[in-house]
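K.L.:
Once you've had a glance at the structure underneath, I'll fire off some questions.
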Amino acid sequence: MAKKERKFGRLDYISLVAAGLVLMFLTYLLIAHTPLRRTIPGYPDRETQKAAAENYRKIDSLEKVIDLWAFQVANIQRVATGREPLPLDSMLFTRVEEAVDEETLGAFETCDSLLRVRMEGIEEEMRNRADSQGKITALQDVKFTLPLKGTLRAPFTRTGSHPFVELSAPAGTNVVAILDGRIVSAEWSELEGCSLKIQHDNDLTSIVRYAGKLSRNVGDAVKAGTTVAVVGQTSELSDGTIQFELRYRNQAVDPATYLPF
């Protein structure tokens, strides 16, 4: 006797859908409330969430700092153009950018341009005066002592990598301090041989490089004409040649302007 095929009825479909929904709900609970949720691509772990919270806090702090800076710039602009500064309490009620109006910004830019033109004119005048005089005013009356008895081998150049003079003298010639001062550096290296630095008054510093031997140590006070080094053989330069550098306020100046080499 042949078996009859069983057909799905309405109740069967409802049961199937209900079973599917229950399965989906259980799956959601399993993933949402267990560590399995971390296996989902893009789901933030605890460290990522902590970093995001920290970044949010930093951004909020930076926004407050930027607002304060903008507020201060706005007040500087207003004072520079002769207007009353804004009270600090105004930051609590309005955005700072609104305080920086076009009139204030335009006036500030005009003042800034005039100041730049004036400063450029002063700098140009100082350069022309220095070129015409040939000497720094503060150093005109300083009595220098020659660092050694020798000849000028290579002159000072303001541009490039030669902000010093090269002096030649027989090996064994004494190198002396050009002014009273104190030894602030004395060392030997394969690159520069024996070198030392002397700090003088008048914001002056003298530097000797490629000496054969040093005669003074760091911290020693020296008088003008005191022997501080001796000319000798070096690995970088020929026998009997040293470098001498003179700095005023940490800017290299031409020693030949003040010393008759």
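K.L.:
Against the definition (within 19 Å of Thr157 (Cα to Cα), assigned to a strand (DSSP E or B) and touching a residue at least 40 places away in the same chain (Cβ under 8 Å)), how does Arg182 come out, yes or no?
P.N.:
It is false that Arg182 is within 19 Å of Thr157 (Cα to Cα), assigned to a strand (DSSP E or B) and touching a residue at least 40 places away in the same chain (Cβ under 8 Å).
K.L.:
Now a separate question. Could you figure out which of (1) of a type in the set (A, V, I, L, M, F, W, C); (2) over 19 Å from Leu139 (Cβ atoms); (3) assigned to a loop (DSSP other than H, G, I, E, B) isn't true of Leu259?
P.N.:
(2)
K.L.:
A further question on this structure: How about the range 60-84: which of its residues are of a type outside the set (Lys, Arg) and outside any helix (DSSP H, G or I)?
P.N.:
Hits for the range 60-84 are Thr81, Gly82, Glu84.
K.L.:
On to the next question. Can we say Pro255 is out of contact with any strand residue (DSSP E or B) (no Cβ under 9 Å at 6 or more places or on another chain), of a type outside the set (A, V, I, L, M) and within 15 Å of Leu152 (Cβ to Cβ)?
P.N.:
no
K.L.:
Another question, then. Mind counting the residues in the range 121-150 that are exposed (fewer than 11 other Cβ atoms within 10 Å of the Cβ) and at pLDDT 90 or above?
P.N.:
So the count comes out to 1.
K.L.:
Which of the residues that make up the range 151-165 are in contact (Cβ under 8 Å) with a residue 60 or more places away in the chain and either in a loop (DSSP other than H, G, I, E, B) or within 18 Å of Gln251 (Cα to Cα) (or both)?
P.N.:
Selection gives Pro155, Phe156, Arg158, Pro163, Phe164, Val165.
K.L.:
I want to confirm something. Restricting to the range 151-171 and keeping residues that are hydrophobic (A, V, I, L, M, F, W, C) and touching a Pro at 6+ places or on another chain (Cβ under 8 Å), which single residue is surrounded by the most Cβ atoms within 10 Å (Cβ to Cβ)?
P.N.:
My answer is Leu167.
The values are calculated or read from the model by the stated rules, or taken from the named source; none is laboratory data. Bear in mind that the values here come from a model prediction, so they are computed numbers and not experimental data. All Cβ positions, glycine included, derive from the backbone under ideal geometry; neighbour counts span all protein chains shown.
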